[in-house]
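Any read-out appearing in this document is the output of simple, stated calculations on the displayed coordinates, not a laboratory observation. Since we're looking at a predicted model, the values are computed, not measured. Note: ideal-geometry Cβ built from the backbone for every residue, glycine included; neighbour counts use all protein chains shown.
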Amino acid sequence: MFLALFILICFGLTQILVYGTIFDCIRPKQGLLGELFKCPMCVGFHIGWLVGLLANISTLIYIKPNIVDLFLLACLSSGTSYVLCTL
């Protein structure tokens, strides 16, 4: 159940950050950050480790991840966000 919630949360955040019009005015357009925010795989990776860290204090999904867990969750988020965005 944790992984399903984790994937849906990461996908939702990735969609909002990459494609959401609400962030058009603050989303970088050029440079390295501009390239990062165009890529759901890249944003998904960073969202994954961030959600993994926040899960430690969340009441919805609670885990105590170590550094390896955070890396694996980031990779899972990156891959699933990319696949779901391309559907």
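Things to note:
- Members of the range 32-87 found to be under 12 Å from Ile7 (Cα atoms) and in contact with a Ser or Thr (Cβ under 6 Å, 6 or more places away or on another chain), listed by number: Gly44, Phe45, Ile47, Gly48, Ser81
- Scanning the range 4-28 for residues that are surrounded by 12 or more Cβ atoms within 10 Å (Cβ to Cβ) and of a type in the set (D, E, K, R) turns up just one, Arg27.
- Inside the range 29-82, residues that are closer than 16 Å to Gly12 by Cβ and either exposed (fewer than 14 other Cβ atoms within 10 Å of the Cβ) or touching a strand residue (DSSP E or B) at 6+ places or on another chain (Cβ under 9 Å) (or both) make up a count of 3.
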